[in-house]
Amino acid sequence: MRYSTTVRWQEIYARYRSELEAFVHSRIDDEEARDILQDVWAALSAALENQQLDNPRAWLYRVARNRLTDRFRSQSSRPDFLDPTVVDQEEVADVPYSAPRDLREEIDRAIDTLPAKQREVFIRNAVRGETLREIAADLGVPLKTVISRKGYARQRLRDLLQELYDDYFGPE
């Protein structure tokens, strides 16, 4: 790695390490999070050798989300809630094996029913990991407007998905 690349890597690492670690750790257990983060930082090193990163934060989050998605896909052959060591078999006897795919499809359908402005804010924040402040700046609207849109989206999704949640996991 060239000196200038090393310096750039260190700057990016220092600036985004804490927030990226929080993002990854909030989605997966600690050991796997460490592996994913190591992959992300190694990929950053390679990327800096080969390209100019205009928006390193977006690049880091994209790589982290891709690594998380890969990890979830590799584990999706037997979800935890169908693992006999996690729950009693009688509890899941009525749950079809395709439940995770069905759940994802239902969640996607529910998100699709959101009004466009709420859907955009929800996806950018909850799925892509963008901050509400970044979204507000990008859209050119007040932060409180973005906060409101996210709140309305969450409430609508909660209402739409409550029955589905109860069907799969039982009422709270």
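The values are calculated or read from the model by the stated rules, or taken from the named source; none is laboratory data. As the structure is a prediction and not an experimental result, all values here were calculated from the model. When we count neighbours, we look across all protein chains shown, and the Cβ atoms used for this are built from the backbone with ideal geometry, even at glycine.
Things to note:
- The condition (being modelled with pLDDT of 65 or more and over 30 Å from residue 43 (Cα atoms)) is satisfied by just one residue among 82, 157: 157.
- For the stretch 121-165, taking the residues that are of a type in the set (Asp, Glu) and over 15 Å from the mean Cα position of the chain (by Cα), the one that is surrounded by the most Cβ atoms within 10 Å (Cβ to Cβ) is identified as 134.
- For residue 18, the requirement of being assigned to a helix (DSSP H, G or I) and modelled with pLDDT under 80 is not met.
- Boolean, residue 52 is farther than 18 Å from residue 129 by Cα, polar (S, T, N, Q), part of a loop (DSSP other than H, G, I, E, B) and without any contact (Cβ under 8 Å) to a residue 60 or more places away in the chain: yes
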